[in-house]
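Contents: one structure, followed by commentary.
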Amino acid sequence: MIQQLIQYPTPLSLKYATDVRSFDDDLFALIDDLKDTMNENNLDGLSAFQIGNYYNVVVVKDENGEFLELINPRLIAHKGRVTTVESTTYYPGRTAEIERYEEVSIVYQDRFGKDQSLKTTGNLAIVIQRKIDYTFGATFIQKMSPEVRDRFESGLDFGADVGIADYCPTEFQRDKILKVIRFTMIAMLLALLGSFFVDDAQQREMLWEYELYGSYGVLFLDIVYFFYAQYEGKKYVSCTSCQIGNIIGTLFIALIQLTILMSAVYFFLSPA
């Protein structure tokens, strides 16, 4: 039976795959489902994790296009390194350069529970490594360096349905509002420092008005940030609690900074 493939942002799992202990009809049905789903989606390999089953089962196609059933696979040896350009059904339309072992040796069991071994290289070795990654609840993103991973994650399209995901992004749209707030306050600080070199009363009054209206603008942006951040935070149910704390903390710091700045402005520029 053809099964639905799990795709981002739906989480794969937070645990390793469970080894198969019973080699029975349920296992055979799972293997058949993997094969049917591979054929339907024109795939060269599939892990049970990718269709929502947490057994340690992988099916791949060998060099002749024949199905190879790997039950409880373990990578026991490897040799060489090669960089490949990979795609995965979990991140549709996305590719990444990943470093893999060029040659691998694995042990596994067949559908009858008999121990088997395989030593392979080339594309089959790459596919097997990719599918075994899923048995650890991982995708190729875990193979990336932190810098590359950040760039990859920042390029993901966080759609409206991301709220179902057990995922917390590293960048938010609300951060753009913070950048405007910080830029405005830096400009206000520079204007205050510049006032120390201005003696003309009219110019100082203009600077005072600039600072005053600037503070109104920052307060308005703080309010916008608070409500928009609340709205955006509801999309990511997996990290709601930490987001609320971060939003409140960020807003509190911004208000403290504005208070200190305006106190200095009042002391040095107030016409009263």
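From the list VAL20, VAL59, exactly one residue is farther than 13 Å from GLY137 by Cα, outside any loop (DSSP other than H, G, I, E, B) and either outside the structural domain of GLN116 (by TED's automatic domain parsing) or modelled with pLDDT of 95 or more (or both). Which is it?
Numbers: VAL20 fails: outside any loop (DSSP other than H, G, I, E, B).
When all the criteria are applied, what remains is VAL59.
Among the residues of segment 75-133, those identified as touching a residue at least 60 places away in the same chain (Cβ under 8 Å) and farther than 30 Å from GLU147 by Cβ are GLN109, ARG111, PHE112, GLY113, LEU124. Remark: ALA138 falls outside the filter, which requires a residue to be assigned to a strand (DSSP E or B) and among the small types (Gly, Ala, Ser).
One line per residue, one yes/no per condition, for (1) over 26 Å from the mean Cα position of the chain (by Cα); (2) basic (Lys, Arg); (3) surrounded by 12 or more Cβ atoms within 10 Å (Cβ to Cβ):
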| residue | (1), (2), (3) |
| --- | --- |
| MET1 | yes, no, no |
| GLN7 | no, no, yes |
| PHE23 | yes, no, yes |
| LEU27 | yes, no, yes |
| LEU46 | no, no, yes |
| ASN53 | no, no, yes |
| LYS61 | yes, yes, yes |
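Of the residues that make up segment 185-206, is at least one within 18 Å of THR250 (Cα to Cα) and exposed (fewer than 12 other Cβ atoms within 10 Å of the Cβ)? Looking through segment 185-206, at least one residue is within 18 Å of THR250 (Cα to Cα) and exposed (fewer than 12 other Cβ atoms within 10 Å of the Cβ).
Is it fair to say GLU102 is surrounded by fewer than 19 Cβ atoms within 10 Å (Cβ to Cβ), at negative phi and touching a strand residue (DSSP E or B) at 6+ places or on another chain (Cβ under 7 Å)?
Values: surrounded by fewer than 19 Cβ atoms within 10 Å (Cβ to Cβ): yes; at negative phi: yes; touching a strand residue (DSSP E or B) at 6+ places or on another chain (Cβ under 7 Å): yes.
Yes; evaluated as a whole, the condition is true for this residue.
The values are calculated or read from the model by the stated rules, or taken from the named source; none is laboratory data. Please read all numbers here as calculations on a predicted model, not as lab measurements. Ideal geometry is used to build each Cβ from the backbone, glycine not excepted, and the neighbour counts take in all protein chains shown.
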